[in-house]
Every structure is written in structure tokens, then in C-alpha cells.
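Throughout, read-outs are computed from the coordinates displayed, never taken from laboratory work. It should be emphasised that the depicted structure is a prediction, and the values quoted were computed from it without experimental measurement. For neighbour counting, all protein chains shown are included, and Cβ atoms are generated from backbone atoms with ideal geometry for every residue, glycine included.
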Amino acid sequence: MKSLGSFRRKFAPWNDPEAKPYISFENVTKKFGDFTAVDDLSLTIYNREFFALLGASGCGKSTLLRMLAGFEEPTSGRILLDGQDMRGIPPYKRPVNMMFQSYALFPHMTVEGNIAFGLKQDGMPKNEIDARVAEMLKLVKLEQFAKRKPHQLSGGQRQRVALARCVAKRPKVLLLDEPLGALDKKLREETQFELMDLQMKLGLTFVVVTHDQEEAMTMADRIAVMDKGKVKQVATPAEVYEAPNSKFVADFIGNVNMFEGTASTVMPGKVDIDVPADRITIRTDATRDCSTGQSVGFAIRPEKIRLSRKEPANTAVNAAHGELYDIAYFGDMTVFHVRLESGRIIKAASLNAVRTVEDPLGYDDKVWVNFDTDAGILLTA
Amino acid sequence: MNTTWSRFNIVSLVIGFAFLYLPIVLLVVFSFNESRLVTVWAGFSTKWYVSLFNNKSFIDAAWVTIRVGLISATFATILGTLGALALTRYTRFRGRMLFSAMIYAPLVMPEVITGLSLLLLFVAIGFDRGIWTVTLAHITFTMCFVAVVVQSRLVTFDRSLEEAAMDLGATPVTTFFKVTLPVIMPAVVSGWMLAFTLSLDDLVISSFTSGPGATTLPMRIYSQVRLGVTPEINAACTILIAVVAVGVVIASIANKRREVQKARDEQAAARH
């Protein structure tokens, strides 16, 4: 089998103007009474894509998934699946299958019975059902649990039964609602890779809803960051992390130090931002258009900030003096909280690349914070 | 846990249980009395049971009661389950609160009123009173109990089970019979048993709505008692008690065993 990576690197249909989207949401709005769960949302998902809907609870991501499955109808707008308008098509006639957050295994049926349920509804002959069920059990490594009832299984096993059950029908699209939410951390990490492997093997389109950004970053080809029923950004995990398009996305994904100021000098390719509140001037690459006097934001990730006891060569821009206020040791890395002279606290992370450091930074040490012009990102929204 | 028993606790327990069970024990004991006099013990005998089984009016009444019970419990279960489904599922229809409250009303309504209003209805529409009017009356008052029992189960029912079934291609009807009904079955069965027991021992509503040839066992016993209590009635009551007791004991043992088995399975599963 080809490795996951070689396929992943080439897989980017969203950059191909010729590629036809497989699922399209066109100006979809969903209201529950006065509450707008999904607000005039448009989104396209491509065939064989692993797509993640990421957002806090109540952002409308689950509603979006339920509309795709057919449990809710959009108040306005339309959903196309492989070119077909899905309006009015009941869930039992849609070529999508969903894995529920609670797994929703039928408690009165065995593992086999659960997996065979969907196949029986299609009127598949008995011997073919048996063969398919056996194949699915093998796929999720539950062969010896075929005759068990759901309550006789552990959480991880139940999750795999739920997965086998919705994959058994070979749907075009698999919808996963917080698929790993109920598993403990270690099992979750293993299962993430199993899911990615499965998606590749079966060549399915996966749409997964999650509130766990690490999960989305690990598994997905693209992530849609959602807030209050709207999509804030759709991009690959690296783009979402390194090039967020708004303060919301920058703040939502990962750790970030956010500065609010005004563009004081606009130079070719560079912008200076005055941040009077934190008594610092930031010089950054002008990745977005902005004009002098415009109020702008600047986001920088903790790992892109350098700490040193020595004063940097240039202290006019991108540098500030402060003292170490807090140290959080994570094993693989350490996060330092630096209190600047203005009182602002900055997070700076450093990788613990060597086991022991001579004269490590300690509490209350005076340090300089500095970073390069390409370390952070200019935000105008 | 504190396991020391104070004298007060023991005394109150004994008095409480005596109050509940002494009359029943006396009734059972005197059903085996040799003497015709209910208050004088004259030795052990099963002759009243023999005479009971030879008493055609009692046997007829027993058959009427069983038939009414089986039919009314079955229909009450179907209607009550449907009612409970409607009330828990369609949470947004107009007047739902009113309907919800109304389903509880017959539970607290004096039986005399239920019986009388049904009698007036049957007379008004010219329905000849007999076994069918009793059955209808029993369906009416027992379906509320079924609805309440099933409703309490449906409140905790995980709707995503039904959604999963439909997602896997099952139509709403298939979903109901293959998923919803099997899952709520224990509640439906308890509802049926409750309806059957209520029908079995109902006297007031039966008296109002029954007609010639449709005398139920409680009615038969009651009319007999007015002529004086005989050990035959004690025997009839003892049989009724035995039937109900055996039913209750079997049901609770089965329930307990299922729970224990489930707990054991879950523990075993967690160890994997």
C-alpha cells in the first residue's frame, strides 16, 4: 500500500479550479424558532476528503452535520450531494451514514446484528450480509466479539462497532459526530490514526464534527472553523494555524499572543504597528493590505518568540524587556510566561531539545523577548 | 451502615407488617378451615376448594374476568403506548400541556365517577351492557396507567437510536418495530401487567358498566359476601392472592437477575 503521506501531499482538489465539489452547502440557514443555528453558510467538500467542522459547542457544526444526514431540513438555501439537491430526501434514502457521538448502538442486538442492520434494510441476500459483516468485524478487529451485546463491550470496542456499522453499507460519505469524544486520551490518539487509515483504505469522504482542535489538526485535510453559525475560515491545518484570517481563528486555534494597535508606518513589504498599551512597536511582513492609521491586530504563537538574558541587537522593534512570571514544564517543551514592563504577560514556548541546560531560566529572571518580522501574522479582521 | 436495631424500630416494623398482612394471613388460613363458620377453627380441609371448582357461577365469573382482563390489558397497552409516544415525541404541538395533564386525570378520578359517566355514555348511545361494555370501560381507565408507565421510560429513551436506524436505511415504521419497541418492551410489558391486574380486581367500574351474563369475579365475590362470608370465598381469594404473588415474585426475580447479569457483563467489559 502507498503510504498515507505520499497521497496526502498531492491531495488538494480545493486548489484545482477544475475539481467538482462533492458536497456543497449553498447559502444554508437553519433557524430553531428565534435562534439561528446556521447562518447563510456556504461550503464545499471534495470527494475522498477528510473534512473537519471545528468549533465550540453551539456554533452550529452539529446542525450542519444533521442537515447533511437528513435529520434537519435547512430553513433556506440548499445542500447538494454529488450534484443532487437533498431537499425533501428522508435520512433513510440518503447515501450518507452517520456515526453518533453516543454511538447509538442497538442495545437489544449483538455486535453482528448491529452491523447487519443497515444491510438488511437494503434487502441484501443473507450470505452476502454474512460475508460483509465478517469483513467489517475483521476491519475493526472485533472478530471474537461478534456475539456480544453492546453493554458487554468496553468504550473503545463500542466505538469500533459503531464505526463498522456505518461503514458496512459503503456510503459515499461518512459523517462522524465527535467520534473520539468518549474515549480516553491514549485510546483517542491511537484511534485517530486508525480512522485516517480506514478513510484511505475505503476511499470515502469523511465529514467529522469536533470541538477538539488537536483532533481536527491531526486527522483532517481541511478544517472549517465555525463560530455562531458562520464559517470563519476553511483551510488546511497548517494554514489555519500559521495563517489565520482573523483574530477569532488565531485565538481559537492553539495558543497565541494577540496585540491590538495601529499601523503607524506602511513600508513596501513591511508594516510597523504601534501597540501603546503594551509599550512595544511591532514590525511585521505585510501579508495583508493595510493603510497608515488603520487599527490592526498582530498574532504570534508562543513557539515563535525567543527569550534571552542578553539584550538583542535591535530593541527598537519586536523586542521588550520583562521578567519571568511563570514556568509550565510539559516534558517535551516548556512554556514561559513573561511579564513585560507594561504589565502585559507574554507566552513563549521553547522545545526541550537537550536533557539538561546549563544555567536554565528561573522564576523572576530578567529576560528579553524578541521575534523576527516573519514570526507573527498581521490581522485586519 | 448502622445495623443495630433499636427496640422502637422492631416494634414499629412488626406492627406495620401485621397491619398489612394479618388480615390476608387470616383469610388464607380460614380458607383451609373444616368448619363452615369463618371465625371458628375446626381442623384442616381443602373441601372449600373442591366446592369452589364445582361452583359454576364462580367459574363463569372467573372466565369473564380473565377474558376481560386479557382483552382490555392488550388494547389498553396498545393505546397507552401510542398515547405516551405522542406526548413525548411531539413536544411542540398546541395544548400539549393540557393533554399531558389530562392523561393523569383518570388516575385520580374517583372510580364512581368514571363508572357512572361510562354508564351514562353506554345508555345514551344505546350500547347493550355486557362483557363488551366492561371491557371498553377497563380499556378506558387502564390505558392511562399504561401511558404513564411507558411515558416514564420514553423520557430517558435515546432518540439517536431511532436516528441511527433511519440513517441505516430503516423507514419510520421499521424503526419503530425493530428498534423503539424492543427497547421500551420492558416498560410495555409492565404496563400490560399493571393493566391486567387493575382489570382483574376492579369492582366499582365493572359494577356500573356490566350487564347480564357479564359478572366478573370481584362482583361475584362481593354479591356473595352480602349473603354472608363462606370459606368458599376465602378459597377464591386465596387463589387470587397466589396468582398475583407468583406473578410479582417471578417478575421481580427475573428483573433482579437481569440487572445482576448486566452489571457483571459491564464489569467484565471494562476490564478489557
Which residues' amide hydrogens lie under 5 Å from the amide hydrogen of A:Tyr103, considering only partners 5 or more residues apart or on another chain, with H built in the peptide plane?
-> none
Cross-link reach from A:Lys310 to aspartates and glutamates, straight Cα distance under 18 Å and at least 8 residues apart if same chain, gives A:Glu323, A:Glu341, A:Glu358, A:Asp359, A:Asp364, A:Asp365, A:Asp372
Ranked by GNM mean-square fluctuation in chain A (Cα springs under 10 Å), the top entry among A:Pro360, A:Pro150, A:Pro125 is A:Pro360
Let me have the 222 nm mean residue ellipticity of chain A computed from DSSP H runs of 4+ only, each contributing -39500 (n - 2.57), with the sum over all residues rounded to the nearest 500.
-> -7000 deg cm²/dmol
Any idea what diffusion coefficient the range B:56-228 gets from Stokes-Einstein, in µm²/s, Kirkwood Rh on alpha carbon pairs, 4 °C, 1.567 mPa s?
-> 74 µm²/s
Would you tally the net charge around B:Gly83, using a Cβ to Cβ cut-off of less than 13 Å, leaving B:Gly83 out, and scoring K and R as +1, D and E as -1?
-> +2
So what are the ³J(HN,Hα) numbers for the range A:236-245, from phi and the Karplus equation (6.51, -1.76, 1.60; θ = phi - 60°), rounded to whole Hz, Gly and Pro as x?
-> 5, x, 5, 5, 4, 7, 8, 10, x, 9
Interchain or long-range residues, amide H under 5 Å from A:Val367's placed H = A:Gly322, A:Glu323, A:Leu324
Could you check the simple spin-label distance between A:Thr292 and B:Ala42, using points 7 Å along Cα→Cβ, in nm with one decimal?
-> 12.6 nm
In terms of modelled amide H atoms, which long-range or inter-chain residues lie less than 5 Å from the amide H of A:Asp39?
-> A:Lys30, A:Lys230
Value in Å of the Kirkwood radius, where the range B:1-146 supplies the Cα pairs that are averaged | 20.3 Å
Helix B:217-226 versus the longest principal axis of chain B: what angle, 0 to 90°, nearest 10, using Cα atoms?
-> 30 degrees
Helix A:185-202 versus the longest principal axis of chain A: what is the Cα-based angle in degrees, 0 to 90, to the nearest 10?
-> 60 degrees
Rounded to the nearest 500, the 222 nm mean residue ellipticity computed for chain B from DSSP H runs (n ≥ 4, each -39500 (n - 2.57)) alone is -26000 deg cm²/dmol
GluC sites (Glu not before Pro) restricted to the range A:252-348 and DSSP loop, no more than 12 other C-beta within 10 Å = A:Glu341
Filtered trypsin sites (Lys or Arg not before Pro), the range A:22-90: DSSP coil and at most 14 other beta carbons within 10 Å | A:Arg87
One quarter of the C-alpha convex hull surface, i.e. the mean projected area of chain A in nm², amounts to 24.1 nm²
Dipole magnitude (debye, nearest 20) for chain A, charges at Cβ of Lys, Arg, Asp, Glu = 1540 debye
Output for the range B:43-112: trypsin sites (Lys or Arg not before Pro) sitting in coil per DSSP, at most 16 other Cβ within 10 Å, listed by number, reads B:Arg92, B:Arg94
Neighbour net charge for A:Arg87 - beta-carbon separation under 12 angstrom, K R +1, D E -1 | -2
The range A:259-342 -> Rg/Rh from Cα coords, Kirkwood Rh, value 1.01
Could you let me know the centre-to-centre spacing of the range B:210-272 and the range A:165-198, using Cα atoms, in angstrom?
-> 49 Å
Roughly what angle does helix A:111-121 make with the longest principal axis of chain A, taking Cα atoms, 0 to 90 degrees, to the nearest 10?
-> 70 degrees
Quote the charge dipole size of the range A:130-185 about the Cα centre in Debye, to the nearest 20; the model charges only the Cβ of Lys and Arg (+1) and of Asp and Glu (-1).
-> 180 debye
Compute the signed sum of charges (Lys and Arg +1, Asp and Glu -1) over the other residues within less than 9 Å, Cβ to Cβ, of A:Met258.
-> -1
If you take every DSSP beta bridge whose two residues both sit in the protein assembly as shown, what share of them, in percent to the nearest 5, is antiparallel?
-> 80 percent
Just tell me the longest site-free run in chain A, where the sites are chymotrypsin sites (Phe, Trp or Tyr not before Pro) in a DSSP loop having at most 10 other beta-carbon atoms within 10 Å.
-> A:1-329
Please state the relative contact order of the range B:71-166 as a whole percent: Cα pairs under 8 Å, 6+ residues apart?
-> 55 percent
Going out from 0 in 20 Å bins, what whole percent of all Cα-Cα distances in the protein assembly as shown drops into each bin?
-> 14, 32, 27, 17, 8, 2
Kirkwood calc, the range A:75-172, C-alpha pairs only, radius in angstrom 14.4 Å
Using alpha carbon centers only, the range B:64-102 is separated from the range A:148-164 by a whole-angstrom value of 35 Å
Normalised contact order of chain A, rounded percent, pairs of Cα under 8 Å and 6 or more residues apart = 15 percent
Excluding residues fewer than 8 positions from B:Lys56 in its own chain, the aspartates and glutamates with Cα under 18 Å of it are B:Glu232
Lysines with Cα under 18 Å of A:Lys347, excluding same-chain neighbours fewer than 8 positions away = A:Lys247, A:Lys304, A:Lys366
State the Cα centre-to-centre distance between the range A:302-318 and the range B:159-192 in whole Å.
-> 64 Å
